[in-house]
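Okay, so here's the structure we're looking at.
The values are calculated or read from the model by the stated rules, or taken from the named source; none is laboratory data. These figures come from a predicted structure and were not determined experimentally. Cβ placement follows ideal geometry from the backbone for every residue including glycine, while neighbour counts extend to all protein chains displayed.
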Amino acid sequence: MYPQQQTQKLQSLTSKLLEKVKNQHFQNQDLEDLREVLRFHEYRYYILNEPLIADYEYDILFKELEKIEAANPSLITAASPTQRVAKGLTKDFPTVAHLVPMLSLENSYNAEDLIDWDRKAKELTGLETIEYCIEPKFDGAGISLIYENDLFVRGATRGDGVEGDDITTNIKQIRSVPLSAKFSSYGIQQIEIRGEVMLTKNNFKKYNDMLAEQNLPPLANPRNAAAGSLRIKDPKEVSRRNLEAFLYHVSYYINIEGWPMTDGSTSNALLTHSGCLQMLWDLGFRSPQKEKKVVKGIQAVIDHCHEFEKQRDDLPYEVDGLVIKVNDIALQDKMGMTTHHPRWAIAFKFKARQATTKLRAVEFQVGRTGAITPVAKLDPVAIGGVTVSSISVHNEEYIKEKDLKIGDTVIIERAGDVIPQIVKSLAELRDGKEKNIHFPKHCPICKTPLAKEEEEAVWRCLNIKCPAQVVERIIHFTSKDAMDIRSFGDANVRKFYDMGFLQDIPDIYKLPFDKIGALEGFGEKSMTNLKTAIEASKKQPLHRLIYALGIRFVGETTAKVLSNAVDHLLDFKNKSLEDLQSLEDIGPKVAGSIVKFFSITENLNMLEELERLGLNFQSNKSSSTNGGNLSGQTFLFTGTLMELKRSDAEAMVEKNGGKLLSGVSSKLNYLIVGEDAGSKLEKAKKITSIKILSEKEFLQLINA
Ligand code: IVH
């Protein structure tokens, strides 16, 4: 889309404009340049995933454009980057007719199906070998976009295929959809293109994490999340979800009158499907230009399908198969379509990650904070390589919303590495014997009446001595990211609890090894391992102990912030809400929970006992946030370091107040490069704000 020369031109224009904004020399005649530069950087960021400027620099330019347009509304254009920004709520979505019906695809599941389809294609076209274009089958929500005179004018959902919802405002929130595209350079006046709105696995996970933080149940898969997002009435919320759009099909176009092609009608790009993908890519759309493959004959198609399926989990987004299309558009027209699907395309579906099974019972489990989680017990069923027999159904509202009953047939799904979820129950298969699920009024373990806080969906057992909570608390305390007493294992915690050896956390450090040694399955070696692991845990840094205590809302990051805020763990007894809220990333909810924890006498008694037993309560004020000469700076290592061990180098960063990032982005300040550095280095070189250091330079920085 932007040849190198133009990229360089736009990059230097960017610097000039930034300079002008800084020196307040910006003039209205620079406006179109500014818009062009912003569009260019959106393309680098959202389509290529290779930004050339820092986020804050983009923001400076964007704000300048907003400021000028606000002062001179007559200068606003429809394709100005500011016009994505949502204002207020949309009303109901009006129904609109598609220019061409949005058909489905025929499915194939194996080589035989494909060979059969190829045979029919050859019969229909009279050819001996057909050229096919293969591309991913994106597992998102179908959309149609219309551009007229190079401007985006309408976006719609698939709906029933004939009519869909007009979601133009929401589509404008998707940064990879250009608001204007030079279709006119292909002789096109009006065009309808089709594609799929998607949420990357990463953004999906982030979204579900956010729901979990609010005690809301997660969404089953990125597809549901994308489809739901398109129908949100608040475009600002749509914008927050970071949707992406893959465009893969030109369904209709009309030429500019008198377009001077030899046959009077079309541009060369539009003669093949791969040409269409190329055109879309060149115009700034996220078409599957890089992912597509053009091959001759069905055997090459079959080989590619098998090869691609193996890489399915490595892709940043969900695909449920591949789509194979006859590449020559004239042949496509010759083959035509049924009322249901085109004859020139077929989907090759990957192994299903959905399955149906029976919901047999619901058990209620008590977590370490007393939260009651209903867990559906299912007839075991295999999906995506694992057998699933129980699935969390989160809370009472979720059960109502999904209309679940015991005895129901349910569809379950495992999307990639996502924990399995119930997608829906099949009410039409009920025979009347199904039973409603009754939420208990008392804790299933200790029988204490359950309580629910206002605005919370979760019922809790408030008895902190509840055996289920105690066991879960001890399991959390010993877990890998907490005190890391891994040789313990969940099963031993339960066993020792049942035998009376382990009634609370301090008992871990007072285990009667003489009695344990006499138990079946405890040999000399496992006893020594356990003793050593328990002893070693006493020296764990304070932030691990804080995390291990399982204080509500205190995760690993908060625990690090907290451990840097005190010299000794018990200093928290004297910290007020205000003291805590003044710390980085600690809001009223977290602060309240910490103050509450340190005001409960039983907790303080337990902590004093742990200190007597020899656990480290002293902070070395090392990790992350305040202080240190790297304070506020972000770091990432790549390649093999020669002098330092990677983990030691990372620890040095944290010790000096720096923060580690997991990937290259404009948020990164330093990339430290070892031997054989690869793609991270390449990516970082393109972001001018990142400083690239050798190992030696890194050590100099640390010692400075
Ligand atoms: S072509 C007439 N290509 O899958 C053209 N569809 O199960 C038909 N889909 O309705 C569509 N990725 O929403 C096509 N690369 C791709 C696709 C794709 C996903 C969706 C599309 C379609 C559905 C059929």
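The table for this structure:
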read-out: Top-ranked residue in the range 660-695 [being modelled with pLDDT under 85 and part of a strand (DSSP E or B); ranked as farthest from Ile53 (Cα to Cα)]; value: Glu675
read-out: Index of the failed condition, Thr532 passing every other in (1) buried (at least 18 other Cβ atoms within 10 Å of the Cβ); (2) modelled with pLDDT under 95; value: (1)
read-out: Residue under evaluation Val162, criteria (1) of a type in the set (Val, Ile, Thr); (2) within 23 Å of Lys292 (Cα to Cα); (3) out of contact with any strand residue (DSSP E or B) (no Cβ under 6 Å at 6 or more places or on another chain); (4) exposed (fewer than 14 other Cβ atoms within 10 Å of the Cβ), criterion not met; value: (2)
read-out: Residue in the range 309-347 that is nearest to Asp113 (Cα to Cα), counting only those that are more than 11 Å from the ligand (Cβ to nearest atom) and among the charged types (D, E, K, R); value: Glu309
read-out: Criterion violated by Cys305 - all others in (1) at pLDDT below 95; (2) under 28 Å from Ala226 (Cβ atoms); (3) within 15 Å of the ligand (Cβ to nearest atom) satisfied; value: (1)
read-out: Residue selected from the range 352-365 under the condition within 28 Å of the chain's Cα centre (by Cα) and touching a residue at least 40 places away in the same chain (Cβ under 8 Å), by the criterion surrounded by the fewest Cβ atoms within 10 Å (Cβ to Cβ); value: Thr356
read-out: Asp408 vs. criteria among the charged types (D, E, K, R), buried (at least 16 other Cβ atoms within 10 Å of the Cβ), more than 30 Å from Ala533 (Cα to Cα) and out of contact with any Phe, Trp or Tyr (no Cβ under 7 Å at 6 or more places or on another chain); value: yes
read-out: Residue list for the range 317-339, restricted to those being exposed (fewer than 14 other Cβ atoms within 10 Å of the Cβ), part of a loop (DSSP other than H, G, I, E, B) and either modelled with pLDDT of 90 or more or of a type in the set (Phe, Trp, Tyr) (or both); value: Gly336
read-out: The range 202-224, subset among the aliphatic types (A, V, I, L, M) and touching a strand residue (DSSP E or B) at 6+ places or on another chain (Cβ under 9 Å), residue modelled with the lowest pLDDT; value: Ala220
read-out: Residues within the range 625-645 that are within 27 Å of the chain's Cα centre (by Cα) and either at pLDDT 80 or above or surrounded by fewer than 18 Cβ atoms within 10 Å (Cβ to Cβ) (or both), tallied; value: 8
read-out: Of residues in the range 348-384 being of a type in the set (Gly, Ala, Ser) and modelled with pLDDT under 95, the one nearest to Ile412 (Cα to Cα); value: Ala355
read-out: Selection count, the range 197-255, where residues are outside any strand (DSSP E or B) and either more than 22 Å from Glu291 (Cβ to Cβ) or of a type in the set (A, V, I, L, M, F, W, C) (or both); value: 36
read-out: Candidates Ile143, Ile115, Ile130, filtered to the one that is within 16 Å of the ligand (Cβ to nearest atom), of a type outside the set (Ser, Thr, Tyr) and in contact with a helix residue (DSSP H, G or I) (Cβ under 9 Å, 6 or more places away or on another chain); value: Ile143
read-out: Per-region count, the range 202-221, residues of a type outside the set (Phe, Trp, Tyr) and surrounded by 19 or more Cβ atoms within 10 Å (Cβ to Cβ); value: 7
read-out: Top-ranked residue in the range 281-308 [being buried (at least 16 other Cβ atoms within 10 Å of the Cβ) and acidic (Asp, Glu); ranked as farthest from Val177 (Cα to Cα)]; value: Glu291
read-out: Residue list for the range 564-581, restricted to those being out of contact with any helix residue (DSSP H, G or I) (no Cβ under 9 Å at 6 or more places or on another chain) and surrounded by 12 or more Cβ atoms within 10 Å (Cβ to Cβ); value: Asp567, Asp571
read-out: Conditions (1) more than 27 Å from the chain's Cα centre (by Cα); (2) of a type in the set (Lys, Arg); (3) surrounded by 14 or more Cβ atoms within 10 Å (Cβ to Cβ); number of the one not met by Lys22; value: (3)
read-out: Single match in Gly674, Gly658, Gly678 (criterion: out of contact with any His (no Cβ under 6 Å at 6 or more places or on another chain) and surrounded by fewer than 19 Cβ atoms within 10 Å (Cβ to Cβ)); value: Gly678
read-out: Set Val554, Val561: member being hydrophobic (A, V, I, L, M, F, W, C), within 30 Å of Asp209 (Cβ to Cβ), touching a residue at least 60 places away in the same chain (Cβ under 8 Å) and touching a helix residue (DSSP H, G or I) at 6+ places or on another chain (Cβ under 9 Å); value: Val561
